[in-house]
1. Taking only pairs six or more apart or across chains, which ones have beta-carbon atoms under 8 Å, a first residue in region 77-95 that is closer than 22 Å to ARG57 by Cα, and a second residue that is aromatic (Phe, Trp, Tyr)?
2. Quick one: which residue in THR15, THR39 is under 20 Å from GLN117 (Cα atoms) and either acidic (Asp, Glu) or modelled with pLDDT under 90 (or both)?
3. Among the residues of region 100-123, write down those that are in contact with a Leu (Cβ under 7 Å, 6 or more places away or on another chain) and not small (Gly, Ala, Ser).
4. Between a first residue in region 61-73 that is free of Cβ contacts under 8 Å to residues at least 40 places away in the same chain and surrounded by fewer than 14 Cβ atoms within 10 Å (Cβ to Cβ) and a second residue that is in a helix (DSSP H, G or I) and not small (Gly, Ala, Ser), which pairs have beta carbons less than 9 Å apart while being 6 or more apart in sequence or on different chains?
5. Within region 92-120, which residues are closer than 12 Å to GLY72 by Cβ and touching a Phe, Trp or Tyr at 6+ places or on another chain (Cβ under 9 Å)?
6. In region 84-100, is there at least one residue being surrounded by 14 or more Cβ atoms within 10 Å (Cβ to Cβ), modelled with pLDDT of 95 or more and of a type in the set (Ser, Thr, Tyr)?
7. Residue by residue through region 96-110, note down the ones that are outside any strand (DSSP E or B), over 16 Å from VAL56 (Cβ atoms) and in contact (Cβ under 8 Å) with a residue 40 or more places away in the chain.
8. Does region 77-92 contain at least one residue that is over 15 Å from GLN117 (Cα atoms), part of a helix (DSSP H, G or I) and in contact with a strand residue (DSSP E or B) (Cβ under 9 Å, 6 or more places away or on another chain)?
Amino acid sequence: MRLERDLPKKSWYKTPIINCSESNKISQTKMDTPFLKNTTEIKLSELREKQTGRIVRIGGHGHLRRRLLEMGLIKGTRVYVEKYAPLKDPLELIVKGYHVSLRVEEAAQVILDEVSQELTDGS
């Protein structure tokens, strides 16, 4: 039985040496590219009542993902959180003008951005 310490050392591997000025240029170019912008993404299950958001991505696999897509939860759709149940498990959403109830576990698969507070007129 051979142990790791018995194996010959690999002398062919060398770590690359990067000049500090080069690494700053690399990180600067990464920050300038528009597709690497840092946007605040939040799960649908983390939204509070009376907040809206735009769907960025739908997670999940198989039947759950298909069910969410069939209910109209697709990329780019605005979602409004109407209310939570008394024990905070199912939440009621308004998607494309109709009401949808989701479990918090299912809502955690939906990722949103552009979260805003919905203004009400108080009537």
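The values are calculated or read from the model by the stated rules, or taken from the named source; none is laboratory data. This one's a predicted model, so the numbers in the text were calculated from it and none came from an experiment. Note that each Cβ is placed from the backbone with ideal geometry, even for glycine, and that neighbours are counted across all protein chains shown.
1. PRO90/TYR84; LEU91/TYR84; GLU92/TYR84; LEU93/TYR80; ILE94/TYR80; VAL95/TYR80
2. Answer to the selection: THR39.
3. Result: VAL100, LEU102, VAL104, GLU106, GLN109, VAL110, LEU112, VAL115.
4. ARG67/GLU106
5. Answer for region 92-120, where residues must be closer than 12 Å to GLY72 by Cβ and touching a Phe, Trp or Tyr at 6+ places or on another chain (Cβ under 9 Å): LEU93, ILE94, VAL95.
6. The answer is no; no qualifying residue exists.
7. Within region 96-110, VAL104, GLU105, GLU106 qualify.
8. For region 77-92, residues over 15 Å from GLN117 (Cα atoms), part of a helix (DSSP H, G or I) and in contact with a strand residue (DSSP E or B) (Cβ under 9 Å, 6 or more places away or on another chain): absent.
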